[in-house]
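FYI, it's all coordinate maths here, none of it is from the lab. Every value quoted in this text rests on a predicted model; they were computed, and no experiment measured them. All Cβ positions, even for glycine, are placed from backbone atoms using ideal geometry, and neighbour counts span all protein chains on display.
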Amino acid sequence: MNTLGDLQLVVEEISIKNNDLPAGQFQVDPILTKKVERLDDTHHAVRLLLELKNTEKKPFPIELRVSLTGIAETSNVPEEAMDNFLNIQAVQIMFPYIRTMVTSLTSAALMQPLILPFVDVRQLFQEQTTE
């Protein structure tokens with residue numbers, strides 16, 4: 001029997017730092033990275049890291065990091081179905097939680113709440129594969 005268990009979510013890191021930049025127009029340019037790994041015969045992990053950085057070329061008023069890991073339990077799932085779940089569906093499940101954390105974190109820090117745009121996971125990670 002093929003089974004795909006629940007996706008357990010674990011927050012690895014949430015951090016925010018105010019860069020004390022003067023008010024102005026800033027371009028939100030989030031960096032989202034994904035790492036998929038096999039933990040054992042029946043568990044895989046999907047790690048998402050979202051970062052907002054302040055650089056000379058792209059100044060931004062805050063530095064922000066949100067790291068979320070999803071742990072999936074599987075049993076006798078075909079490789080193609082597993083790859084699709086880990087690389088696409090798990091990210092589609094996890095990203096709204098990251099968006100909510102970013103909005104809540106910026107709001108709790110008494111800043112204008114930052115609402116990240118929706119992403120097309122298939123296009124965003126088109127070139128990344130399972131490790």
Taking neighbour counts of Cβ atoms within 10 Å as a proxy for exposure, in what order, fewest first, do Phe118, Phe26, Phe125 appear?
-> Phe118, Phe26, Phe125
Return the sequence-ordered ³J(HN,Hα) values of the stretch 48-55 in whole Hz as given by the Karplus equation 6.51 cos²θ - 1.76 cosθ + 1.60 applied to θ = phi - 60°, using x for Gly and Pro.
-> 10, 10, 10, 10, 10, 10, 9, 10
Selection from Thr106, Ser75, Ala45 lying farthest towards where the dipole of the chain points positive, charges on Cβ | Thr106
For Glu56 paired with Asp6, estimate the spin-label separation in nm (one decimal), with each label point 7 Å from Cα along the Cα-to-Cβ line.
-> 5.0 nm
Along the stretch 62-78, Karplus-curve 3J(HN,Hα) (6.51, -1.76, 1.60; θ = phi - 60°) to the nearest Hz, with x for Gly and Pro, reads 9, 9, 9, 9, 10, 10, 10, 10, x, 10, 9, 9, 10, 8, 6, 8, x
Taking springs between alpha-carbon atoms closer than 10 angstrom, which of Lys17, Lys34, Lys53 fluctuates most in the Gaussian network model of the chain?
-> Lys17
Value of relative contact order over the stretch 40-100, rounded to a whole percent, pairs C-alpha under 8 Å and six or more apart = 37 percent
Most mobile listed residue (Val77, Val36, Val102) in the chain, GNM with C-alpha springs under 10 Å = Val77
Return the distance in nm (one decimal) between the two label points of a simple spin-label model at His43 and Gln123, each offset 7 Å from Cα along Cα→Cβ.
-> 3.6 nm
Nitroxide proxy distance, nm - points 7 Å out along Cα→Cβ at Ile14 and Asp29 | 2.7 nm
P(r) tail fraction, the stretch 24-87 - alpha-carbon pairs more than 19 Å apart, % | 47 percent
Taking Cα pairs closer than 8 Å and at least 6 residues apart, the relative contact order of the stretch 1-81 in percent is 44 percent
For the chain, what is the convex hull (Cα atoms) projected area averaged across all directions, in square nanometres?
-> 8.7 nm²
Using alpha-carbon coordinates, inclination of helix 90-108 to the longest axis of the chain, degrees = 30 degrees
Give the long-range amide H neighbours of Thr74: residues separated by 5 or more places, or on another chain, with amide H under 5 Å away, using H modelled in the peptide plane at 1.01 Å from N.
-> Gly5, His43, His44
Work out, step by step, the length gained on full extension between Leu110 and Asn84: first 0.36 nm times the residue separation, then minus their alpha carbon distance; give nm to one decimal.
-> 5.5 nm
Exposure-ranked with fewest Cβ neighbours within 10 Å first, Arg99, Arg122 stand as Arg122, Arg99
Around Ile62, which amide H atoms from residues at least 5 apart in sequence, or from another chain, sit under 5 Å from its own amide H, with H modelled in the peptide plane?
-> Asn19
What helix-only [θ] at 222 nm does the chain give? Using -39500 (n - 2.57) per DSSP H run of at least 4, over all residues, to the nearest 500, the answer is -6500 deg cm²/dmol
